[in-house]
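Engineer: First the structure, which I've put down as structure tokens, then a few questions once you've had a look.
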Amino acid sequence: MTDVIVIGAGPAGVMAAMRAAELGASTALITRDEFGGMAANDGPIPVRTLAHAARLMRESRQLGRYGVAVADPHLEYPRLLDRVREVVKQVRSHSSFRADLNRLGVTIYEHAGNAHFIDSHTVEADNGLRLTGEKVILCAGGCNRRLRVTGSELTATHSDAWHLTSIPPSMLVIGAGATGAQVASIFNAFGSKVHLYEAGPHILPTEDEDVSTAVAKAFRDSGIAVHENFGAIEGFERCPGGVRMTYSNNGTRLNDEASVIIVAIGWAADTAGLHLPAAGVNLDPRGYVSVDSHLRTSAPHIFAAGDITGRLMLVPQATRDGFAAATNAMGNEKIVAENPVNPIGSFTDPEYAQVGFTEAKARESHDILVSKVLFEDASRPQIDGRTTGFCKLIVDRTTHTILGCHIVGERAVEIIQMASIAMIGGVTVDDLARIPLAFPTYTGVLLRAAYLATAELDRKPRMDLLDLAA
């Protein structure tokens with residue numbers, strides 16, 4: 001009998017297997033497809049590669065402003081896909097995690113197909129593999145939610161979008177959360193005519209309202225047709241140009257059509273093939289695996305981590321939860337699965353990122369100061385010709401602690417890391433404003449926002465900080 005069976009080799013599963021093996025458990029790691037899961041093969045790694053190509057396309061359009069004369073660049077999409085596959089292969093082959101798992105003696109079963117429970121201790125995979133384990137950790141990840149309307153089989157998912165063999169002349173993207181916004185932004189940069197549909201009042205509905213507003217404006221300025229509060233979808237049908245969507249809004253029946261329609265309406269737990277009832281594992285009302293604060297499921301010897309639990313469905317959080325689940329499964333200590341500071345960002349154009357409370361949420365329980373700096377007022381964005389965006393700090397007036405940070409603009413995902421470190425380290429806005437940075441950098445907008453907040457809180461000029469605020 002194996003001590004620990006881990007199902008799923010994404011960030012949560014890899015960390016869970018490593019931690020279990022570190023604690024002395026004989027450990028087996030089963031993955032349906034390639035090692036690395038969605039993050040390496042269908043998520044951040046390939047998406048970021050495509051987003052980098054989109055960035056290069058955008059940057060090439062301003063070469064003339066800097067005296068660089070070149071012929072008009074054009075995208076050869078098959079070559080880009082070759083590069084995506086090359087990057088994914090390089091990341092997978094150079095993964096220190098894979099080497100660590102091998103060093104720790106973890107047995108890895110790749111391309112095993114779907115795994116499912118025979119009973120609460122026995123797992124079987126499509127390839128005939130059968131394992132019995134004292135403990136099991138479920139890290140099977142998530143999958144795209146599908147629309148349940150007539151003709152939904154004619155639509156595609158974000159995964160399909162990344163595997164297109166050519167750039168579609170037109171595209172409808174249904175759902176304007178993080179995934180839909182990235183799809184829309186990338187293919188708009190590649191030359192597709194993109195319409196982005198959001199049923200709610202704002203795109204990026206989980207972001208601070210200023211972020212949603214700014215990104216929507218930037219998208220429209222770039223040529224994306226953004227439709228918010230668009231109504232309800234009735235169905236899809238084939239048409240000469242591809243696929244037609246019919247929807248209704250306030251009693252009016254409307255339609256739109258495109259070569260490809262991408263549905264990005266959310267991420268569900270990938271539990272369909274696991275046969276969880278055979279193991280006594282319950283789902284919560286949202287359809288995710290139900291876990292307690294220690295990531296234990298309704299079956300005492302089975303734990304779960306990552307997207308399958310419906311918690312914060314992000315790589316860093318999945319990794320952290322994988323560590324906690326394995327530690328708790330081995331019984332060495334009881335780690336409470338907490339995620340106090342969670343930076344989130346997306347590689348759209350412009351990028352956006354956030355950590356902590358939104359302004360609206362912070363006002364519910366704090367007396368706050370909001371400090372906002374526009375990118376156009378900072379040196380580095382001016383140098384690079386990337387002046388769209390802002391940095392917004394939310395500070396508690398009494399304690400001077402940083403409650404939240406929201407950024408739209410170039411390198412937003414990089415800048416937010418510094419705000420996150422400050423928050424988790426308990427750095428006050430006064431101390432943040434005193435940190436000397438190289439000049440000129442994009443992170444300077446964060447320091448300038450901190451300086452302005454400190455000056456407002458002190459109600460007097462801070463001459464010692466002026467050199468840090470440019």
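The values are calculated or read from the model by the stated rules, or taken from the named source; none is laboratory data. Computed from a prediction, not measured in an experiment: that's the story for all the values here. Here the Cβ positions follow ideal geometry from the backbone for every residue, glycine too, while neighbour counts run over all protein chains shown.
Engineer: Kindly indicate whether any position in the range 219-235 is at pLDDT below 95 and not in a loop (DSSP other than H, G, I, E, B).
Structural biologist: no
Engineer: Does any residue of the range 403-411 turn out to be part of a loop (DSSP other than H, G, I, E, B) and either farther than 27 Å from Phe219 by Cα or not assigned by TED's automatic domain parsing to the domain that holds Gln354 (or both)?
Structural biologist: Taking every residue of the range 403-411 in turn, none turns out to be part of a loop (DSSP other than H, G, I, E, B) and either farther than 27 Å from Phe219 by Cα or not assigned by TED's automatic domain parsing to the domain that holds Gln354 (or both).
Engineer: May I pose another question? Collect the residues in the range 222-251 that are over 19 Å from Ser185 (Cβ atoms), surrounded by fewer than 17 Cβ atoms within 10 Å (Cβ to Cβ) and in contact (Cβ under 8 Å) with a residue 12 or more places away in the chain, keeping them in residue-number order.
Structural biologist: Asn229, Gly231, Ala232, Glu234, Gly235, Glu237, Arg238, Cys239, Gly241, Ser248, Asn249, Asn250
Engineer: For the range 144-153, check the following and say yes or no: at least one residue is hydroxyl-bearing (Ser, Thr, Tyr) and part of a loop (DSSP other than H, G, I, E, B).
Structural biologist: No, the range 144-153 contains no residue that is hydroxyl-bearing (Ser, Thr, Tyr) and part of a loop (DSSP other than H, G, I, E, B).
Engineer: Might you let me know whether the range 197-204 holds any residue that is farther than 18 Å from Leu147 by Cα, outside the structural domain of His52 (by TED's automatic domain parsing) and among the hydroxyl-bearing types (Ser, Thr, Tyr)?
Structural biologist: No: the range 197-204 contains no residue that is farther than 18 Å from Leu147 by Cα, outside the structural domain of His52 (by TED's automatic domain parsing) and among the hydroxyl-bearing types (Ser, Thr, Tyr).
Engineer: Does the range 404-414 hold any residues that are among the hydrophobic types (A, V, I, L, M, F, W, C) and surrounded by fewer than 24 Cβ atoms within 10 Å (Cβ to Cβ), and which are they?
Structural biologist: Scanning the range 404-414 gives a single hit, Val413.
Engineer: Now a separate question. Looking at (1) touching a helix residue (DSSP H, G or I) at 6+ places or on another chain (Cβ under 7 Å); (2) in a strand (DSSP E or B); (3) among the hydrophobic types (A, V, I, L, M, F, W, C), which one does Leu254 not meet, given that it meets all the others?
Structural biologist: Just one mismatch for Leu254, condition (1).
Engineer: Could you please let me know if Phe219 is surrounded by 16 or more Cβ atoms within 10 Å (Cβ to Cβ) and in contact with a Lys or Arg (Cβ under 6 Å, 6 or more places away or on another chain)?
Structural biologist: In short, no.
Engineer: Step by step: first the residues of the range 112-143, then only those that are more than 27 Å from the chain's Cα centre (by Cα), in a loop (DSSP other than H, G, I, E, B) and polar (S, T, N, Q), then the one that is surrounded by the most Cβ atoms within 10 Å (Cβ to Cβ). Which residue is that?
Structural biologist: Ser120
Engineer: Of all residues in the range 298-319, which are in contact (Cβ under 8 Å) with a residue 24 or more places away in the chain and surrounded by fewer than 24 Cβ atoms within 10 Å (Cβ to Cβ)?
Structural biologist: Ala299, His301, Gly310, Arg311, Leu312, Met313, Leu314, Val315, Pro316, Gln317, Thr319
Engineer: To continue, here is another question. Filtering the range 325-346 down to residues that are surrounded by 24 or more Cβ atoms within 10 Å (Cβ to Cβ) and under 24 Å from the mean Cα position of the chain (by Cα), which residue is nearest to Ala181 (Cα to Cα)?
Structural biologist: The selected residue is Ala325.
Engineer: May I pose another question? Hey, does the range 359-382 have a residue that's part of a helix (DSSP H, G or I) and of a type in the set (Val, Ile, Thr)?
Structural biologist: Checked against the condition, which is being part of a helix (DSSP H, G or I) and of a type in the set (Val, Ile, Thr), the range 359-382 yields no hits at all.
Engineer: Please go through the range 274-289 and pick out each residue that is out of contact with any Ser or Thr (no Cβ under 7 Å at 6 or more places or on another chain) and surrounded by 15 or more Cβ atoms within 10 Å (Cβ to Cβ).
Structural biologist: Leu274, His275, Leu276
Engineer: Given the criterion more than 18 Å from Phe230 (Cα to Cα) and touching a Ser or Thr at 6+ places or on another chain (Cβ under 8 Å), identify the matching residue among Ser159, Ser166, Ser185.
Structural biologist: The conditions single out Ser185.
Engineer: A further question on this structure: From Leu457, Leu465, Leu432, Leu437, which residue is outside any strand (DSSP E or B), at pLDDT 95 or above and not polar (S, T, N, Q)?
Structural biologist: Leu432
Engineer: What is the number of the single condition among (1) in the same structural domain as Arg19 (by TED's automatic domain parsing); (2) touching a residue at least 60 places away in the same chain (Cβ under 8 Å); (3) surrounded by fewer than 14 Cβ atoms within 10 Å (Cβ to Cβ) that Thr165 does not meet?
Structural biologist: Result: Thr165 passes all but (1).
Engineer: Working only within the range 57-93, note down all residues that are of a type in the set (Ser, Thr, Tyr) and on the phi > 0 side of the Ramachandran plot.
Structural biologist: Within the range 57-93, none qualify.
Engineer: Can you name the residue in the range 97-111 that is part of a loop (DSSP other than H, G, I, E, B) and within 29 Å of the chain's Cα centre (by Cα) and, of all such residues, is surrounded by the most Cβ atoms within 10 Å (Cβ to Cβ)?
Structural biologist: Residue satisfying both the conditions and the ranking: Val106.
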